[in-house]
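The values are calculated or read from the model by the stated rules, or taken from the named source; none is laboratory data. Here the structure is a predicted model, which is why all the values come from computation and not from measurement. With ideal geometry, Cβ positions are generated from the backbone for all residues, glycine too; neighbour counts draw on all protein chains shown.
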Amino acid sequence: MERPSRRKQFLDITSRQFTITKIKMEPTFTGKSLEQKIAALTISGDPQDPFDRQKRILGWNQSKLQSEVCLLLGAGGLGTSVAMGLARLGVGKLILLDKDCVEVSNLNRQVLFNWEDVGKPKVLQAEAKIRREHHTNKDMIIEAYNMCALENWQKIVELSAQVTVIFNMIDVGDYFDAAVQSLCMARNIPLIQGGTFCQQITIDLFRQEHACFLCCSDTIKNESVERLLPSKILSESDLLWLPKNKNPIGQSNCYLCVMCSMMMVARYSSLLINDPDVELNGRFIMTVNSGESFQFNLENTDTCAFCRDKYGPLPPKEEVITEAVPEEAVAQETVVSEQAVATDETKVESQDISQVEAASEQKE
Ligand SMILES: [Zn+2]
């Protein structure tokens with residue numbers, strides 16, 4: 001079938017149907033709240049309000065967004081776009097932390113920087129750029145900390161007392177990620193992480209009482225976990241002792257970083273507005289060049305030291321009740337199996353008693 005031209009394709013709001021040349025299709029975005037979404041298009045807003053258009057989104061909660069305090073660890077490929085996205089959404093406060101200076105090799109994807117920023121501290125340049133170009137919520141407060149997260153862990157602990165979410169975008173390895181997860185558990189706040197690899201982006205949303213980072217990791221050694229437990233993490237002064245991953249130099253570009261960052265911001269805002277049509281699972285993966293995406297929930301593990309420390313042991317799983325197999329039938333099955341092997345006439349693969357009995361009858 002010939003692909004319809006995009007110019008001939010339009011959405012007819014009144015009849016609520018897509019019309020594509022001669023083909024009429026039901027909207028693909030049908031959800032429980034479609035009627036309400038369409039009704040929301042007719043509300044009168046305030047043209048002087050920069051957030052007028054997003055307030056029309058069903059369930060949107062601008063005042064909640066404006067009370068959010070977001071701690072962004074890292075102001076690089078993901079951090080710059082996440083900061084820009086959050087500023088444009090109108091959050092109440094942005095706290096940026098990074099130790100690096102802008103390098104020429106950052107310019108392909110770190111959207112807040114340009115040639116004149118090279119050699120200068122990332123957070124300070126990012127802060128200045130956001131104030132100048134993305135300060136949509138005039139009341140938004142921005143703080144920037146030009147420091148090493150590992151050396152200044154106690155500063156992060158102190159900042160975390162006021163924040164409502166942490167975006168972890170510092171790439172020093174799984175042990176640091178585990179430490180940030182533990183901090184979020186200690187503070188009862190969500191953690192959002194993102195990653196890009198080749199043409200794939202992954203976004204993890206770790207919420208309280210769901211699977212945590214450590215539930216999904218098998219690379220963290222137990223002796224480090226002991227010091228990183230949610231009940232202990234607030235008292236660590238620095239994390240310089242953490243083992244670091246030896247990651248090779250990453251391969252990344254503008255569209256991978258921006259898409260990953262915007263999906264991080266989108267999932268965070270979905271969490272806040274609680275859209276009934278959005279299923280929000282722990283892990284979202286998208287292959288960017290094919291557009292394929294899927295999401296699934298991460299599973300709590302019984303052995304996770306963080307979850308045990310925070311929530312106690314998992315409740316016992318519901319027992320699966322299986323019918324006891326009568327000894328007589330087991331004996332018959334054994335006889336039948338032996339006969340089947342011996343004569344090669346009958347294959348008994350099922351453990352179902354009735355089949356065993358039926359097979360047994362045939363034999364007899
Ligand atoms: Zn866990």
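Beta carbons closer than 6 Å, at least 6 apart along the sequence or on distinct chains, pair a first residue in region 300-316 that is closer than 11 Å to Ser231 by Cα with a second that is among the small types (Gly, Ala, Ser) and near the ligand (Cβ under 10 Å from one of its atoms) for Phe306/Ser182.
Is at least one residue of region 218-226 assigned to a helix (DSSP H, G or I), away from the ligand (no atom under 16 Å from the Cβ), surrounded by fewer than 18 Cβ atoms within 10 Å (Cβ to Cβ) and on the phi < 0 side of the Ramachandran plot? Yes: one or more hits.
Selection within region 150-175: residues that are farther than 14 Å from Ala186 by Cβ and among the charged types (D, E, K, R). The member of this set that is surrounded by the fewest Cβ atoms within 10 Å (Cβ to Cβ) is Glu151. Checking the conditions here, which among Asp238, Asp204 is surrounded by 14 or more Cβ atoms within 10 Å (Cβ to Cβ) and either over 17 Å from Arg283 (Cβ atoms) or basic (Lys, Arg) (or both)? Among Asp238, Asp204, only Asp238 is surrounded by 14 or more Cβ atoms within 10 Å (Cβ to Cβ) and either over 17 Å from Arg283 (Cβ atoms) or basic (Lys, Arg) (or both).
Look at region 267-289: where a residue is farther than 17 Å from Gln208 by Cβ and a partner is surrounded by 14 or more Cβ atoms within 10 Å (Cβ to Cβ) and β-branched (Val, Ile, Thr), sitting 6+ places away or on another chain with Cβ atoms under 6 Å, you get Phe284/Ile203; Ile285/Thr202; Met286/Ile201. Among what's in region 290-316 and is modelled with pLDDT of 90 or more and more than 12 Å from the ligand (Cβ to nearest atom), pick the residue that is farthest from Gln193 (Cα to Cα). Step by step, filter region 290-316, then rank; the result is Ser290. Suppose we keep only residues that are in contact (Cβ under 8 Å) with a residue 60 or more places away in the chain and assigned to a loop (DSSP other than H, G, I, E, B) within region 86-122. Which one would you say is farthest from Ile273 (Cα to Cα)? For region 86-122, the residue satisfying everything is Asn108. How many residues are among the charged types (D, E, K, R) and within 20 Å of the chain's Cα centre (by Cα) when one looks only at region 215-260? Counting residues in region 215-260 that are among the charged types (D, E, K, R) and within 20 Å of the chain's Cα centre (by Cα) gives 1. Residues that are free of Cβ contacts under 8 Å to residues at least 40 places away in the same chain and outside any loop (DSSP other than H, G, I, E, B) within region 123-154 comprise Leu124, Gln125, Glu127, Ala128, Lys129, Arg131, Arg132, Glu133, listed in sequence order. Counting only residues that are within 12 Å of the ligand (Cβ to nearest atom) and either over 30 Å from Leu256 (Cβ atoms) or hydrophobic (A, V, I, L, M, F, W, C) (or both), region 181-217 holds 11 of them.
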